[in-house]
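Read through the structure below, which is laid out as structure tokens, and then see the notes.
The values are calculated or read from the model by the stated rules, or taken from the named source; none is laboratory data. Note that the structure is predicted; figures quoted are calculated from it, not measured. Glycine also receives a Cβ, built like all others from the backbone with ideal geometry; neighbour counts cover every protein chain displayed. Heads up: the accessible areas ignore ligands, DNA and RNA and are worked out on the full protein's heavy atoms, side chains in. Shrake-Rupley method; radii C 1.70, N 1.55, O 1.52, S 1.80 Å.
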Amino acid sequence: MRIHHIAIWTFRLEEMKEFYIRYFKGTSNEKYVNPQKGFESYFIRFDCGADLELMSRTDVQNTPIGENRLGLTHFAFALDSKEEVLELTEKLRSAGYTTSGEPRISGDGYFESVVLDPDGNHVECVF
């Protein structure tokens, strides 16, 4: 088995799509729209691993994302080198995105940084 996709509710559907396409080399399908439910979504596909489903619906509540809460806390993208982690981290910082975890060697031996996407989701960049 493998993880097929991870889904994220968002009010910034287009901005989130562009973030994952531009910085994480994803490709998107055409927007799916269900006007009866007020639902719209994109699937962002990556070369390998799980897809990311970005979803928006008119009745979803705006609840802040807390760092220490139950549920999904982060997801990670594997990069090919320490230099790629450093380069992507700086590219995102220069574009105005928040780096919530500076590049470092983690306790489990990964070289990683943590950035926040447009909605504040924690995204690890890992080698």
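Rounded to the nearest 0.05, what FRET efficiency is calculated for Thr98 and Asn34 with R0 set to 35 Å and r the Cβ-Cβ distance?
0.60
What do you get for the angle between helix 82-94 and the principal long axis of the chain? Use alpha-carbon atoms, 0 to 90 degrees, nearest ten.
Its long axis makes an angle of about 50 degrees.
Quick one: net charge of Val85's neighbours, Cβ under 14 Å, K/R +1, D/E -1?
-4
Taking only the C-alpha atoms, wrap a convex hull around region 11-84 and report its volume per residue in Å³ as a whole number.
Value for region 11-84: 125 Å³ per residue.
Obtain the radius of gyration and the Kirkwood radius of region 1-126 from its C-alpha atoms and give Rg over Rh.
We get a ratio of 0.97 for region 1-126.
Can you tell me the Rg and the Dmax, both Å, for the Cα atoms in region 49-112?
Taking only Cα atoms of region 49-112, I get Rg and Dmax of 14.9, 42 Å.
Based on Cβ point charges of +1 for Lys and Arg and -1 for Asp and Glu, what charge dipole magnitude is obtained for region 9-60 about its Cα centre, in debye rounded to the nearest 20?
Using only the charged Cβ atoms, the result is roughly 20 debye.
Using Cα pairs closer than 8 Å and at least 6 residues apart in sequence, work out the relative contact order for region 1-58, in percent.
Here the relative contact order equals 43 percent.
Give me the Debye-computed log₁₀ of I(q)/I(0) at q = 0.17, 0.19, 0.28 Å⁻¹ for region 83-127, equal point scatterers on Cα only, no solvent, two decimals.
Log10 I(q)/I(0), no solvent term: -0.40, -0.50, -0.98.
Label-point separation (nm) for Arg45 and Glu84, each offset 7 Å from Cα along Cα-to-Cβ?
2.0
Under a Cβ-only charge scheme (Lys and Arg +1, Asp and Glu -1), can you give me the dipole magnitude of the chain about the Cα centre, in debye to the nearest 20?
Taking the Cα centre of the chain as origin, the dipole is about 300 debye.
Less than 18 Å apart at the alpha-carbon level, and either on another chain or at least 8 residues along: which aspartates and glutamates does that give for Lys31?
Glu14, Glu15, Glu18, Glu40, Asp51, Glu53
Per residue, how large is the accessible surface of the chain? Use a 1.4 angstrom probe and give square angstrom.
Using a 1.4 Å probe on heavy atoms only, each residue of the chain averages 65 Å².
Express the carbon and sulfur contribution to the solvent-accessible surface of the chain as a percent, rounded to the nearest whole number, probe 1.4 angstrom.
The value for the chain is 51 percent carbon and sulfur by accessible area.
By how many degrees, 0 to 90 and rounded to 10, does the Cα axis of helix 13-24 deviate from the longest principal axis of the chain?
Around 30 degrees separate the two axes.
Below 8 Å, C-alpha to C-alpha, sequence gap of six or more: please give me the relative contact order for the chain in percent.
Averaging sequence separation for qualifying contacts and normalising by length gives 22 percent for the chain.
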